């Protein structure tokens, strides 16, 4: 259910705006340079701008009346009061309306771009125009004597006001109106989602509140400024990590406290000295720095969201993938998976091409959602030519599926001026319960061929029986020690002729003298039956044994990378076991790199992070594998103790022809370089790939275009015996 926004009647908005402006005049007087008769922090302008940004022209008349009332109250002649009331609100109102138009132009663009537009409009354009208008009004009325210092303080004070107080008031208005759909409130909530329950957030908040309390209550100006400047540092550090709203409020409050204290000193001695100017300039610089940091946080968050969308949505059809389906089914105890196989239709439309197939799937998606109260998600199973969906498994499921099958008989695919019906549309259905292996169920579901029936209900227990044969096979592989270690070397792109050896350990299954099963063929069974820990331990120990037997000159070994699964990382004693095995086989751990696969979410993230920290402290390097196609990619960069990022080959293999992949790889490289991580590009298949990766400062290349996988023992023997690696 969407949050309900509080809607005020127009008269209520008018009355609120009128008294808010009058209150703002009193508040602004606390930030005035008395002998210059100038409000350094114009809360009035902030209130006017924020009111127009939220309520538009509904507040125009109340604002003018509030200005007229104030200037009459302070003893201005009616003509002067009327002129001030008509001219002074004009610029803030016009600038707010201008920004509203700019926002409409930027609708659909990134929040970062709109933040930049706000900073330029209100942090640069408005202060200059405001100072110019005050000069014109002064010349017309001869009420103020303008000095060069006055003009300078006018620009700096106005910029500081609009970059701190105004956005704080806009956010505060959104919160008071319970407008949780406000863009920056949503962004704030998303940014701090991962940190709001962490101890670091509460420690940050406690420090901010404590420093503010010291600044407000302590009589010493030195304590006040020291506390506030430390608080500003915390605010800048907290932007993004702890959202936007809380750092904004804390930063605005600290700036107002310092400005008020400094203005009290100025008004006491009635002198504008270099110390005051320096403070004002520093506060502006810190504010601009805060905008840069906030913008940087927003930019990286939006990039991460684009990455997640790319991971979860098929780029050709717009359908969700299995990762999204698994997440959607987590709260449903019993569901019915429904699969529509389109191969009978597509086999008769071989000339459709990718665009035509995407159009067909898109039209089916729209057809399914027609006349439904809520849009249903459709999913694209891997390696299939169909559409997958689900409904909750209750007494209504069979009538619903039967009705959907009848509706599909009436479906027409419109393509290039013609309409085509689906050929033998059959809905394959299976009941799946919470906790079942979804990947395996979907795989079996999509393997079923079309039938003469509109609905084909599949027995889920029959699927389960086939697991017995698979379990027996994988247990035999472990029992007979049929695994074999291979490796694939890396190329160091900054020094392709490097004599040092870097490689990733790979696993194969021996099926005959000359035949080997690849991980993609046997690892689903390992995962399905929960044998990841057993396999990981076998690989680690056998790798250490081979290294001990074959390697004598460790100085020429740079990196030996071994994969660890999420299930293994959840095991409390893993790090101690690895360190013990390293001592047993005399393997220096600073030559070992453990790769954390990102194809599945960490089952116990706290334990995994602790395990990785212990291994890293022992000298190991930590790499994040399959980066870009798994779970919470960019969030892992911040949470896990990492040294290396391996960019998934999905983004590498088409680099020479795919502009989107080039942008993604370049952005990942930039982020990794900025935070001091090495990078490995997988699936490097040509010299053209290598040259492109060098341009983006990728550290290593891995793939068939660099080195093909070979038995690990053979590579180590050749490395030790050859004079040139």
Review point. In region 325-351, which residue that is buried (at least 17 other Cβ atoms within 10 Å of the Cβ) and within 31 Å of the chain's Cα centre (by Cα) is nearest to residue 381 (Cα to Cα)?
Key: 325
Review point. Hey, any hits in region 646-667 for a residue that's assigned by the TED database to the domain that holds residue 561, under 24 Å from residue 574 (Cα atoms) and either over 27 Å from the mean Cα position of the chain (by Cα) or at pLDDT 90 or above (or both)?
Key: yes
Point to revise | Qualifying residue in region 623-636 (condition: at pLDDT 90 or above, over 30 Å from residue 320 (Cβ atoms) and under 23 Å from the mean Cα position of the chain (by Cα)) | key: no
Review point. Looking at this structure, is residue 381 farther than 14 Å from residue 445 by Cβ, at pLDDT 80 or above and in the same structural domain as residue 440 (by the TED database)?
Key: no
Practice item. Those residues that are free of Cβ contacts under 8 Å to residues at least 40 places away in the same chain and assigned to a helix (DSSP H, G or I), I need them from region 261-277; list them, please. Key: 262, 264, 268, 269, 274, 275, 276
Check your understanding: Do we find that residue 289 is under 28 Å from residue 354 (Cβ atoms) and assigned to a helix (DSSP H, G or I) in this structure?
Key -> no
Exercise for review: Would you check if residue 693 is touching a helix residue (DSSP H, G or I) at 6+ places or on another chain (Cβ under 6 Å) and either assigned to a helix (DSSP H, G or I) or not assigned by the TED database to the domain that holds residue 597 (or both)?
Suggested key: no
Review point. Out of curiosity, is residue 285 more than 28 Å from residue 637 (Cβ to Cβ), surrounded by fewer than 19 Cβ atoms within 10 Å (Cβ to Cβ) and in contact (Cβ under 8 Å) with a residue 40 or more places away in the chain?
Key: no
Point to revise | Check on residue 611, part of a helix (DSSP H, G or I) and not assigned by the TED database to the domain that holds residue 302 | key: yes
Point to revise | Residues located in region 494-520, provided they are in contact with a strand residue (DSSP E or B) (Cβ under 8 Å, 6 or more places away or on another chain) and either at pLDDT 80 or above or part of a helix (DSSP H, G or I) (or both) | key: 498, 500, 501, 502, 503, 504, 505, 506, 507, 508, 509, 519
Review point. Taking region 29-50 as the region of interest, how many residues are under 17 Å from residue 93 (Cβ atoms) and part of a helix (DSSP H, G or I)?
Key: 8
Point to revise | Single match in 678, 720, 659, 691 (criterion: free of Cβ contacts under 8 Å to residues at least 12 places away in the same chain, closer than 22 Å to residue 497 by Cα and either out of contact with any strand residue (DSSP E or B) (no Cβ under 7 Å at 6 or more places or on another chain) or crowded, with 16+ Cβ neighbours inside 10 Å (or both)) | key: 691
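Conditions (1) at pLDDT 80 or above; (2) surrounded by fewer than 16 Cβ atoms within 10 Å (Cβ to Cβ), marked per residue:
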position: 405; (1), (2): yes, no
position: 420; (1), (2): yes, yes
position: 429; (1), (2): yes, no
position: 437; (1), (2): no, no
position: 442; (1), (2): yes, no
position: 447; (1), (2): no, yes
Review point. Can we say residue 57 is at pLDDT 90 or above, in the same structural domain as residue 125 (by the TED database), in a helix (DSSP H, G or I) and surrounded by fewer than 16 Cβ atoms within 10 Å (Cβ to Cβ)?
Key: no
**Study point:** Flag for residue 134 being assigned to a helix (DSSP H, G or I) and touching a strand residue (DSSP E or B) at 6+ places or on another chain (Cβ under 9 Å)
**Key:** yes
Exercise for review: Would you mind finding the one in 175, 258, 250 that is buried (at least 20 other Cβ atoms within 10 Å of the Cβ) and either under 28 Å from the mean Cα position of the chain (by Cα) or not in a helix (DSSP H, G or I) (or both)?
Suggested key: 250
Review point. On the given criteria, is residue 245 under 24 Å from the mean Cα position of the chain (by Cα) and touching a residue at least 60 places away in the same chain (Cβ under 8 Å)?
Key: yes
Review point. Residue 320 passes all but one of (1) within 28 Å of residue 396 (Cα to Cα); (2) modelled with pLDDT under 75; which number fails?
Key: (2)
Check your understanding: at pLDDT 90 or above, surrounded by fewer than 19 Cβ atoms within 10 Å (Cβ to Cβ) and assigned by the TED database to the domain that holds residue 605, is that true of residue 619?
Key -> yes
Review point. Which condition number in (1) buried (at least 19 other Cβ atoms within 10 Å of the Cβ); (2) at pLDDT below 90 is the one that residue 639 fails?
Key: (1)
Point to revise | Residue within region 347-355 that is in contact (Cβ under 8 Å) with a residue 40 or more places away in the chain and touching a helix residue (DSSP H, G or I) at 6+ places or on another chain (Cβ under 9 Å) present | key: yes
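The values are calculated or read from the model by the stated rules, or taken from the named source; none is laboratory data. None of the values given here were measured: they were computed from a predicted structure. Glycine gets a Cβ as well: all are built from the backbone with ideal geometry, and neighbour counts include every protein chain shown.
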